[in-house]
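These notes are about the structure you will find just below.
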Amino acid sequence: MTYSYWLIILSLINPLHFISIQASKEQLSFLNHNNDVQQRILHASTPLRHTENNEVTTNLRSWKGQIFSHRRHHVRNAHGILNMIGWGTLLPIGVIIARFFRKFPVEYGEWYTLHVLCQTSGYIIGTIGWAVGLWLGNSSKHYTLKTHRILGILIFTLATIQILVAFVQPKREDECRKCWEIFHQCLGYTVIALIVANIFQGIIHQSHAEKWKWIYVGILAVLGFVAATLEIFRWIFKSRIQQQMPTFHDSNIHNFT
């Protein structure tokens, strides 16, 4: 009662001073309230900023991963195309030329140049594709094709030996020429068989494997058809020569007598 009485007296004596004190108290409480609200907003926004930063970082990593995966997909396609053209097409064409055009008449005597051209270009293109495949295997620790890799290394080794052996071939009149030809032919056919098997082995693990498989089956079908047709002509040509040889000898004997 006494405290209220004195407050009334002070307000009557100096009302402006009393009002200013009350206003200061109200302003101070308002500022404290605003500070509390700002602190709450700051604490509430901090996790949001962390979340936004994490989302940006995750999206950036995902974007980089998609770019790397996209580039890797194109490199794998280049690896397959180079191997199919080099190992799987040009080398068999060189073998076909050597088998069916070697014993043709003189006007077809350029077979050796075509044979060397196909074998050399096929070896170079295939080696580039093989090197790309090695890079793909070394760049991915979780995607290694052991069988495909081992066959690729074996094919490159044998093909390199075949190229080197061609530089040391003996002359036709040498006694070891026949042995060299047998070794050269057996090694060539072995390399072709390994190449075909390894290409299909790689196609299994390629995206759109069915499409790649039928493309290479078509290439092999064309090469097989050409080889079979040339083989038929070769036997016909050989049989005609054998039929003409007795007639030729009989006419010479008759003229001689």
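With all protein chains present, how much of the accessible area of region 134-215 (probe radius 1.4 Å) comes from carbon and sulfur, to the nearest whole percent?
With neighbouring chains kept in place, the figure for region 134-215 is 68 percent.
Can you tell me the accessible area per residue over region 105-231, all protein chains present, probe 1.4 angstrom, in square angstrom? If you can, show how the numbers build up before the last one.
Numbers: 8090 Å² over 127 residues.
Roughly 64 Å² per residue, with all protein chains present.
Label VAL217 and THR190 with points 7 Å out from Cα along Cα→Cβ: what is the distance between them in nm? In this crude label model, VAL217 to THR190 measures out at 3.0 nm.
Which value, in debye to the nearest 20, describes the size of the charge dipole of region 100-236 about its Cα centre when Lys and Arg Cβ atoms bear +1, Asp and Glu Cβ atoms bear -1, and nothing else is charged? So the magnitude is around 400 debye. A Förster radius of 35 Å, combined with the Cβ-Cβ distance separating SER207 from GLN242, puts the computed FRET efficiency at roughly 0.05. Averaged over residues, the count of other Cβ atoms within 10 Å places the peptides 129-139, 211-221 in the sequence 129-139, 211-221, highest first.
The values are calculated or read from the model by the stated rules, or taken from the named source; none is laboratory data. What you see is a predicted model, and the numbers here were worked out from it, not measured in a lab. Neighbour counts are summed over all protein chains in view; Cβ atoms, including those assigned to glycine, are modelled from backbone coordinates with ideal geometry. Remember, those area values only see protein heavy atoms, side chains included, never the ligands or the DNA or RNA. Shrake-Rupley method; radii C 1.70, N 1.55, O 1.52, S 1.80 Å.
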